[in-house]
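Below: one structure, written as structure tokens.
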Amino acid sequence: MRIVQKFGGSSLADGERIHRAAERVIRAAQEGNQVVVVVSAQGDTTDHLISAASDISAAPSKRELDSYLATGEQMSACLMAMAIQAMGHPAISLTGWQAGLMTDGNYGDARVLRLSGDRIGRELAAGKIVVVTGFQGVSSAGDIVTLGRGGSDTTAVALAAFLGADKCQIYTDVDGVYDRDPRKFSDAVRLDTIGYDDMLRLARQGAQVLHDRCVELAKEHDVKIQVLSSFRPGPGTMVTALP
Ligand code: ADP
Ligand code: ASP
Ligand code: MG
């Protein structure tokens, strides 16, 4: 099988968490799967980058800001590839542009269009775990663009769609999708499954757990998403077309 596994910022916040995620990824590869890993920037890195840019300029150029913000994911992708390699499994990190993830040129809120070339496929065929930076792609002008806050989820679903993956797993800091934010409401209920339209409604109302565009793309390409905790075992939530 071909699997996409995405890890959010809190799942990669320090070295120990990166190692835990790397172990999970290697386990999936050892079960005979081709594994593409999508990573977010570690912890609050993106917030820190935004604040550092605003210290330099009150109105930074959108082009430079996007190239700068994309470095957070680049750092975690390299660290993840190093962690996997250190555990004895071949791995390679690719940025959005190295992977060929083409987007429109709308800085800070770009839409994913297609996957160009077959770099990921070639690296998978060579037996490597491929770690791709979330949150970013390349425009037809050749510039790095970002997909909007929370956009690494969209990278994962886009790659699952374009690579014909059998599974798209989103590892995060809650053990699935709830009817309300479980951090704010102690009586929130975890859902075993949720349809694309209901999930889209939650995401558009601001439920951070999935980026709204990732749900749109999943619906369009019929990508089934499994939302799981990085920290606790459990079945998570399947986001899918309901019968
Ligand atoms: P990641 O860094 O893994 O992408 P996010 O912080 O973007 O994680 O999303 C996970 C967070 O989404 C949870 O910590 C939770 O507080 C929040 N959240 C909001 N609404 C919901 C919901 N309905 N179900 C689950 N989590 C939700
Ligand atoms: N690092 C980006 C953000 O903080 C993208 C993501 O985490 O999905 O918004
Ligand atoms: Mg997120």
Which count do you get for residues in the stretch 65-88 that are out of contact with any Leu (no Cβ under 8 Å at 6 or more places or on another chain), open to solvent by less than 40 Å² (accessible area, probe 1.4 Å) and not aliphatic (A, V, I, L, M)? 3
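Can you tell me which residues in the stretch 146-161 are crowded, with 20+ Cβ neighbours inside 10 Å and either of a type in the set (Phe, Trp, Tyr) or within 12 Å of ligand 1 (Cβ to nearest atom) (or both)? I'd like the intermediate steps shown before the answer.
As a first pass, look at the stretch 146-161 and keep what is crowded, with 20+ Cβ neighbours inside 10 Å: 146-147, 150-161.
Within the stretch 146-161, GLY150, GLY151, SER152, ASP153, THR154, THR155, ALA156 meet the criteria.
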Per the filter on the stretch 90-123, residues assigned to a strand (DSSP E or B), polar (S, T, N, Q) and either closer than 29 Å to ILE26 by Cβ or modelled with pLDDT under 95 (or both) are SER93
Selection from the stretch 1-40 of residues that are within 17 Å of THR71 (Cα to Cα) and either assigned to a loop (DSSP other than H, G, I, E, B) or open to solvent by 70 Å² or more (accessible area, probe 1.4 Å) (or both): GLY8, ALA13, ASP14, SER40
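Being of a type in the set (Phe, Trp, Tyr) and more than 19 Å from VAL4 (Cβ to Cβ) narrows it down to one residue among PHE185, PHE162; which is it?
That would be PHE185, the only listed residue that is of a type in the set (Phe, Trp, Tyr) and more than 19 Å from VAL4 (Cβ to Cβ).
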Residues that are without any contact (Cβ under 8 Å) to a residue 60 or more places away in the chain and charged (D, E, K, R): list the helices (runs of 4 or more DSSP H) wholly contained in the stretch 124-243 that include at least 2 such residues. 196-204, 212-221
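Quick grid of which residues meet (1) open to solvent by 30 Å² or more (accessible area, probe 1.4 Å); (2) within 13 Å of ligand 3 (Cβ to nearest atom):
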position	(1), (2)
ASP179	yes, no
PRO182	yes, no
SER186	yes, no
THR193	yes, no
ARG201	yes, no
VAL209	yes, yes
SER229	no, no
PRO233	yes, no
VAL239	no, no
It is to be established whether one or more residues within the stretch 41-64 are modelled with pLDDT of 95 or more, open to solvent by 10 Å² or more (accessible area, probe 1.4 Å) and closer than 26 Å to LEU124 by Cβ. yes
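The values are calculated or read from the model by the stated rules, or taken from the named source; none is laboratory data. Fair warning: this is a prediction, and the values are worked out from it, not measured in the lab. All Cβ positions, glycine included, derive from the backbone under ideal geometry; neighbour counts span all protein chains shown. Side chains included, ligands, DNA and RNA excluded: accessible areas come from the protein's heavy atoms. Shrake-Rupley method; radii C 1.70, N 1.55, O 1.52, S 1.80 Å.
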